[in-house]
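A quick write-up on the structure given underneath.
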Amino acid sequence: MRKLWSRFGLGIVAVFAATMVYAAAASQAPEKSTIDDCVTKRAAVEFPHKAHVDLKIACSTCHHTQENLTAESTEAVPSCGSCHNAPEKPETPICTQMSATKNPFHINCMGCHKEEAKKNPATKAPTKCDDCHPKA
Ligand code: HEC
Ligand code: HEC
Ligand code: HEC
Ligand code: HEC
């Protein structure tokens, strides 16, 4: 029985490890994505991925470690969280941060949306907290 349980345990570890290294191929870019790895104080953020690709924003604007990424690429695309949930270096932006300058998503998402609002005051690009983190 003990042996059985330890094998069972190993099985779980193996499945978990496989999930950790899993990264979708470029062609599997999601239609929508829920960004919720660091949620504690605020609600999860719904990210309309395809809408941004349709705006012709270069993949590497967001997937900044993959300079030549395109929709046709065969390379694997790691999630932002694989590097930003628990970064090794303290100076790497982390998704638990509330700060506009220390959270990777606030820098990326809000940074662009604020620029957009300057150019086009009628834009739908959200810049207010509750627009991205809806109140329950
Ligand atoms: C353009 C969208 C956007 C806007 C606007 C925005 N955020 Fe975020 N925020 C995010 C994303 C995406 C994350 C990462 C969530 C995750 O990884 O779980 C995040 C993470 C956070 C976190 C850390 C995770 C948590 O739940 O504790 C806090 C706190 C937070 N935001 C607060 C705010 C506040 C306060 C404002 C307004 C000043 C704001 N956000 C505006 C997109 C946004
Ligand atoms: C405006 C920013 C932005 C642009 C532009 C963008 N992406 Fe993404 N992409 C994201 C975010 C944010 C996620 C969610 C990652 C997460 O949950 O950590 C994501 C997720 C993905 C995923 C799934 C990754 C996984 O392992 O879950 C793939 C594949 C992907 N993108 C490919 C692409 C390709 C190919 C392009 C260009 C055609 C592109 N993306 C353009 C921000 C962007
Ligand atoms: C392979 C690891 C890795 C992945 C995947 C990754 N990042 Fe990063 N990112 C880093 C590191 C490390 C830094 C710290 C600065 C540097 O070394 O480039 C960083 C820095 C940043 C910065 C700060 C840049 C600046 O100018 O201050 C932003 C914003 C950011 N990442 C957003 C994202 C988003 C959004 C995604 C997913 C679409 C993502 N990152 C995916 C590793 C990664
Ligand atoms: C390089 C610029 C850029 C980046 C980076 C970016 N966005 Fe956007 N986003 C836009 C623009 C432009 C629009 C407005 C499109 C329109 O007005 O139809 C938009 C619209 C949106 C909308 C509203 C869609 C609608 O039609 O109501 C949401 C939600 C959104 N973005 C979330 C995010 C999140 C979350 C991130 C970060 C993971 C992000 N965006 C990163 C440019 C960007």
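Values in this text are rule-based calculations from the coordinates and carry no lab data. Given the structure is predicted, the values throughout are model-derived calculations rather than measurements. Methodologically, a virtual Cβ is constructed for each residue, glycine included, from the backbone with ideal geometry; neighbour enumeration extends over all protein chains shown.
Quick notes on this structure:
- Percent RCO, i.e. relative contact order, over segment 24-125, from Cα pairs under 8 Å lying at least 6 residues apart: 22 percent
- Taking amide H as placed 1.01 Å from N in the peptide plane, the amide H of Ser33 sits under 5 Å from that of Phe47, His49, each at least 5 places away or on another chain.
- Which of Thr61, Thr127 has the fewest Cβ neighbours within 10 Å, and the rest in rising order: Thr61, Thr127
- ³J(HN,Hα) computed for each position of segment 123-132 - Karplus, 6.51 cos²θ - 1.76 cosθ + 1.60, integer Hz, glycine/proline x: 4, 8, 5, x, 10, 8, 3, 5, 6, 9
- With 18 Å as the limit, the listed pairs Lys56/Lys124; Lys32/Lys135; Lys56/Lys102; Lys50/Lys124; Lys50/Lys118 have Lys32/Lys135; Lys56/Lys102; Lys50/Lys118 beyond it between alpha carbons.
- Proxy reagent accessibility, fewest Cβ within 10 Å first, across Met110, Met98: Met98, Met110
- Cα gyration tensor category, rounded, prolate or oblate, for segment 24-125 with a/c compared to 1.5: oblate
- Ala125 versus Gln66: modelled label distance in nm, points set 7 Å from Cα along the beta carbon direction: 2.2 nm
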